[in-house]
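Let me begin by presenting the structure, written as structure tokens, before commenting on it.
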Amino acid sequence: MQSSSIDDRPLNDHYKSDIRYTFQFCYWILKPIGIYSFIYKDANKFGKIVSVILILICCSVLQFVMVPFSYILFNEEELKAKIKYLGPVAFCFTSLFKYGYLGMKGSKLNRCIQHVQRDWKKLQNKDHRDIMVQYVIMSRKLIMLCAVLLYTGGLSYHVIMPLLSKEIDTNLTIRPLSYPSYETPLDIQQSPIYKVVYCMQCIYVLIIGNITMAAFSLTAIFITHASGQIKIQTSRLENLKMKGKMLETGFENCLAIIVKDHTEILRFTKNVEKTLRELFFVEVIVSTLLICLLQYYCMMEWQISDSVAISTYIILLSSFIFNIFIFCYVGELLLGQGSEIATASYEVEWYNLPGRKARDIVMLLAISKYPPKLTAGRVLVLSMNAFVAILKASLVYLNLLRTVTEL
């Protein structure tokens, strides 16, 4: 194979704007929580200092909410109250885990980002660039939709529901809060203290929302990019098939590019899977738990006819279902694209080629038998079947929970 011609491929003149467009949402999400400098190594000294300050602020806000909430959860005697606190506490601790995980995996995530940047830089064919832009638009739409659901549900839970939901005790005037807070030594119902606590809880929801969106946006960008690259290789193979006997002149060069790029795609998807599989595993477990709990919360609020709380929980439920759906969807997308390249390889008229050239196609067919995939901690392959299994598991746990609490 003529590898020199591969290295001499021209560059994409628009690669800087393409890269900026690809990672624009990710940049907006990572910056406020201080993770940007840990993932992007091109940050200057001032940017790193700002990132450290932002991380300290975010961690302080998280512990300000988590500590009293966790204390009340473990010291609450009533079972239903424990269950009501369990969902927010689980989501909070999961967000803290994701925060630390993304920081620790910064160098590996940076290698994945550099791979995406290299792919954009060497993209010379206009049709191929159009394919990649379509997949970037897909990732942006997924990120925007997930953000709308997540922030709408989160802000409704923390801002609207405490103010408008029904209060059981009407004899006392109580200023509502989303989470229980410090009762001593200060009275949180007093005006300045209440405002500070309320604002801290509102900032808290923005922080955990950004942490959740950071993991989601990186996954969506990486997998749609890999799917777009696989689509390009499929297109190249289809072009070889259409050329028929005219293949023989430039066949070796074309196939060299296809095989080399396909190998790079497999290496890239493997790095993404190795970097994020623990995060996917936690996401699957916690999503199953939260989907179960949110359905239970809806039933609890239905008994007292609290329409505001029911609406908020339904929005949150939709958000978490959509979140895990997208993780499974991009995993299914990757599997499907990997299967398509195997089909396209087989449809090339390899049986009409000389033996040495036909062996190259056979090698590509052999590689394509094992399409790239995402796994949740090597336990569960992320696909639509996995999504259905998660929903079924949440319903099983919901029935168990209703039996235990006699709801």
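Taking amide hydrogens as modeled 1.01 Å from N in the peptide plane, which residues meet the under 5 Å criterion relative to Leu123, leaving out close sequence neighbours?
Asn12
Could you tell me which of Leu317, Val282, Ile304 has its Cα farthest along the dipole of the stretch 254-331 towards the positive end, charges placed at Cβ (Lys, Arg +1; Asp, Glu -1), taken about the Cα centre?
The residue sitting most towards the positive pole is Val282.
Provide the per residue accessible area, probe 1.4 Å, for the stretch 275-407, rounded to a whole number of square angstrom.
On a per-residue basis, 47 Å².
Label points 7 Å out from Cα along the Cβ direction at Lys48 and Gln63: separation in nm?
Inter-label distance under the simple model: 2.4 nm.
Which FRET efficiency value, to the nearest 0.05, do you get for Asn125 and Ala366 by plugging their Cβ-Cβ distance into 1/(1 + (r/R0)^6) with R0 = 35 Å?
Working: r = 26 Å, r/R0 = 0.76.
The computed FRET efficiency comes out at 0.85.
Once you have the Cα-Cα distance between Val381 and Lys41, take 0.36 nm times their residue separation minus that, and quote the gain in nm to one decimal. Intermediate results must be reported in sequence, preceding the final value.
Working: separation 340, 0.36 × 340 = 122.40 nm, distance 3.13 nm.
This chain segment gains 119.3 nm when fully extended.
Which of the three applies to the stretch 273-407, rounded, prolate or oblate, going by the alpha-carbon gyration tensor with a ≥ b ≥ c and a/c under 1.5 meaning rounded? Please report the intermediate quantities before stating the final value.
Numbers: a/c = 4.18, a/b = 3.46, b/c = 1.21.
The shape class here is prolate.
Return the long-range amide H neighbours of Gly34 (sequence gap of 5 or more, or a different chain), with a cut-off of under 5 Å between placed amide H atoms.
Long-range HN contacts for Gly34: none found.
Please list, in chain and number order, the residues 5+ apart from Ala376 or on another chain whose amide H is under 5 Å from its amide H, with Hs placed from the backbone.
Val381, Leu382
Using 0.36 nm times the number of residues separating Arg111 and Thr343, minus their current alpha carbon distance, what extension gain do you get? Numbers along the way, then the final one.
Details: separation 232, 0.36 × 232 = 83.52 nm, distance 3.04 nm.
Once the chain is fully extended between Arg111 and Thr343, it gains 80.5 nm.
The values are calculated or read from the model by the stated rules, or taken from the named source; none is laboratory data. In this text, all values refer to a predicted model and were calculated from it rather than measured experimentally. As a convention, Cβ positions derive from the backbone with ideal geometry for all residues, glycine included, and neighbour counts pool all protein chains shown. For accessibility, only protein heavy atoms count, side chains too; no ligands or nucleic acids. Shrake-Rupley method; radii C 1.70, N 1.55, O 1.52, S 1.80 Å.
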